[in-house]
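*Asks:* Quick one: the structure is below, questions incoming.
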Amino acid sequence: MILYDYHLHTNFSSDCDILPEEMIKSAINKGLKEIAVTDHMDFLYPDKNMPFTIIPSEYYPYLYELKEKYMDKINIKIGAELGYQDTAVDMLNNFCKEAPFDFLICSIHTISGLELYGDSYYKGKTKEEAFYGYFSYIKEGIKLFSDFDVFGHIDYVNRYGGYSDKSLEYEKYKDIIDDILKMLIERDKGIELNTSGIRYNLGYIHPKIEILKRYKELGGRIITVGSDSHKPSDIGFKFDDARKLLIETGFDKITVFEKRKPEFIKII
Ligand SMILES: [Zn+2]
Ligand SMILES: [Zn+2]
């Protein structure tokens, strides 16, 4: 099994009420060697009841204390999941410098003030318009902001939206997905394998296997594995399947981070 969970949330995230210590204890019970805590930092999130903000001067020391407390049992890396929006680039750049983070994920949960969760982004758009718009937003976004380590759940766009068939037809978007993967590789950024796709009933682990294969083909080698858990029982979710998928697509290593520097761990 993969013993490194690089995407999980605690009550520092607006959509999670579990204390960091509970998540840590669950990871220890499941026999994990290392976790990266990656709470949400989504500047300018449109839902004012869900600010999705963390203050590094509170967050970092709090987690650092736990890191030291549990250092004999598990490695704890301190990270964040940054929600990209074009209007938040300066805030994001400043945030990244405010604490010595180990690991930063960049994800898109909101496009031009419209939430992907909750369907407001999809309203009035055909599926093709919505999906293409999402990938274009990533492509333009990477040019403006790249102070992150991996791109999170890169095909998140098909998780929501009220379409009768939400499936992502890879062939339709493969050119723009290629552009994105090449831009990430050129900048030494990775992608993540996010097992929550199964929990959201997509029937697969993000990203779709075609994207994963293409990333490998284009020379991508930085890949983290994360459960995106918001509760203790989901830590390490489907990590056996994740390992099988990686091996099947030609990866023999996963990536972990220490102070934003990648290290590679064999999985075979
Ligand atoms: Zn996310
Ligand atoms: Zn997440």
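*Asks:* Which lysines have a Cα lying under 16 Å from the Cα of LYS208, excluding residues fewer than 8 positions away in the same chain?
*Replies:* Cross-link targets: LYS166, LYS172, LYS174, LYS216, LYS238, LYS244.
*Asks:* Calculate, in nm to one decimal, what SER233 and LYS33 gain on full extension: separation in residues at 0.36 nm each, minus their alpha carbon distance.
*Replies:* Computed gain between SER233 and LYS33 is 70.4 nm.
*Asks:* Expressed as a whole number of Å, what is the distance separating the alpha-carbon centroids of the stretch 200-255 and the stretch 82-100?
*Replies:* The stretch 82-100 and the stretch 200-255 have Cα centres spaced 26 Å from each other.
*Asks:* Right, here's the next one. Return the tail of the calculated pair distribution for the chain, meaning the percent of Cα-Cα pairs more than 28 Å apart.
*Replies:* For the chain, the share of Cα pairs beyond 28 Å comes to 29 percent.
*Asks:* Another question, then. How long is the gain from GLU128 to LEU19 if the chain were fully straight, where each residue apart is worth 0.36 nm and the alpha carbon distance is subtracted?
*Replies:* Full extension of this stretch gives 35.3 nm more.
*Asks:* May I ask you to list the chymotrypsin sites (Phe, Trp or Tyr not before Pro) in the stretch 79-122 that are in a DSSP loop and have at most 16 other Cβ atoms within 10 Å of their Cβ?
*Replies:* Listed in order of number, the matching sites are TYR117.
*Asks:* For n ≥ 4 DSSP H runs only, could you compute -39500 (n - 2.57) per run for the chain, divide by its residues and tell me the 222 nm figure to the nearest 500?
*Replies:* Per the formula, -10500 deg cm²/dmol.
*Asks:* One quarter of the convex hull surface, Cα atoms only: what value does that give for the stretch 20-132 in nm²?
*Replies:* Reported value for the Cα convex hull: 8.6 nm².
*Asks:* Something else: Could you check the spin-label model distance between MET1 and SER146? Points 7 Å from the Cα along Cα→Cβ, value in nm.
*Replies:* Placing both labels 7 Å beyond Cα along the Cβ direction yields 3.7 nm.
*Asks:* Using the per-residue mean of other Cβ atoms lying within 10 Å as a proxy for protection, in what order, highest first, do the peptides 227-237, 189-199, 169-179 fall?
*Replies:* Top to bottom by mean Cβ count within 10 Å: 189-199, 227-237, 169-179.
*Asks:* Another question, if that's okay. Looking at the stretch 130-221, I'd like the Rg to Rh ratio, where Rg is from alpha-carbon atoms and Rh is Kirkwood's inverse mean 1/r.
*Replies:* Using only Cα positions, Rg/Rh for the stretch 130-221 is 0.94.
Computed from the coordinates by the stated procedures, all read-outs in this text should not be read as laboratory data. The structure presented is a predicted model; accordingly, all values stated were derived computationally and were not measured. When we count neighbours, we look across all protein chains shown, and the Cβ atoms used for this are built from the backbone with ideal geometry, even at glycine.
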